[in-house]
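See structure below.
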Amino acid sequence: MFRISQYMREIAEAEHTGRYPIPAPRLRQQPGKDAGVAAGQQPGPVVIWNLIRRCNLTCKHCYALSADHEYAGELSWNEVVTVMDDLKAFRVPVLILSGGEPLMRPDIFDIAHRARAMGFYTGLSTNGTLIDAPMADRIAATGFDYVGISLDGLRETHDKFRRLEGAFDRSLAAVRLLRARGVKVGLRYTMTALNAHDFAPLLGLMRTEQVDKFYFSHLNYAGRGNIHRGQDAQHLATREALDLLFARAWDAACQCLDEEYVTGNNDADGPYLLQWVQARFPRWADALRERLVAWGGNSSGVNVANIDNLGHVHPDTMWWHHTIGDLRQRPFSQIWSDTNEPLMAGLKAFPRPVQGRCASCQHFALCGGNTRTRAQQLTGNPWAEDPGCYLTDEEIGAMAGSDADRLALTPFRKVHILQQGANNV
């Protein structure tokens, strides 16, 4: 996750005081640099936990390919408890409870109560359509630290994406119900060529509804998002959207508004923000670059992990087609620490063994090679250049005209499967 608002507030403070704020601790574990730190002193990753695959919607860009029916073999309450105990001992700081639609799991509030009691920062990722007043009361009483609700556009666009008429009205009603109960709420938006026109209106809706957070997700090629990758927003549209998002986050920082703007699934956002600052506040560019190097870019397999509904562990939520371990066979702490698995060895390497234009990019230290899933789904090679990078050859320090040799975004035909061992599915 790229925290735009954090950096905008730092720039605003620097403009006001004439001095850049004192550097924060490094945000990303980088194995090559952290070798002198005892493993027990390092925090574990943020865990996004898909506790249930069933969902009342069949969204076009769903990475889980969920549908409204039961899925056999999901983790039981007792198994969930065992996993939670191991996660806590492994110093995992954050649990994001997701699905499918997590509110369809009967014991979701028992799980959330236990997570809160154990001291996890506990988030809920939901489509919001099941949240009426009584459900909002239960969510508020549980004490979730954050609830993210997905909106893919205004009414017509959102309902088309979610394949349910009335989905927008129900999700927006959920936002209002939770806000009225003092719950921190965020909007989650994934941009494609089919809904880019609604991005600016959604930002306006966020401010009108006094929503706390806006999460802008670039399309990643997983699940239905891979099937629909031919509808991914083109690079120019992506840049225009980021320009608008940066402007909104800067406005919020200057007005000291309590709004958070973040992005995910495209770590080129870091270098692009650096360019934005260089053009407007050049005296703070070097300090910001230090911050972005400390951030380190893509965290898959390092600071972000995923557990699916069957107890399979993945480097992040977009790697469901690649399993690195089974919690019914080994605890998470052992799976996550094992670098004998080839993909995890590469993700945890510093630097990562990326190829193509990513390997020679002058911003590699900032983005970490960007999102490996897109490269793997398009080419079968997880270390190929990321086709989702929207920076030009000049911007990355490459030879002028090298863009002509870039990977072309092709329509979906089949999912490439890594041939690296029995764990791959």
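What follows is calculated from the coordinates using simple rules that are stated; it is not laboratory data. Not measured: the values here are computed from a predicted model. Positions of Cβ are generated from backbone atoms using ideal geometry, with glycine treated the same way; all protein chains shown enter the neighbour counts.
Here is how the numbers come out for the structure above:
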{"quantity": "Full-stretch length increase - Asn381, Glu209 - with 0.36 nm per residue and alpha-carbon distance subtracted", "calculated": "57.6 nm"}
{"quantity": "Burial ranking of peptide ranges 188-194, 239-245, 294-300 (average Cβ count within 10 Å, highest at the top)", "calculated": "294-300, 188-194, 239-245"}
{"quantity": "Length gained when the stretch Ala72-Ile22 is fully extended (0.36 nm per residue, less Cα-Cα span)", "calculated": "12.9 nm"}
{"quantity": "Around Asp212: net Lys/Arg minus Asp/Glu count, Cβ-Cβ under 9 Å", "calculated": "0"}
{"quantity": "Overall dimensions of segment 116-180 as given by Cα atoms, namely Rg and Dmax in Å", "calculated": "12.8, 41"}
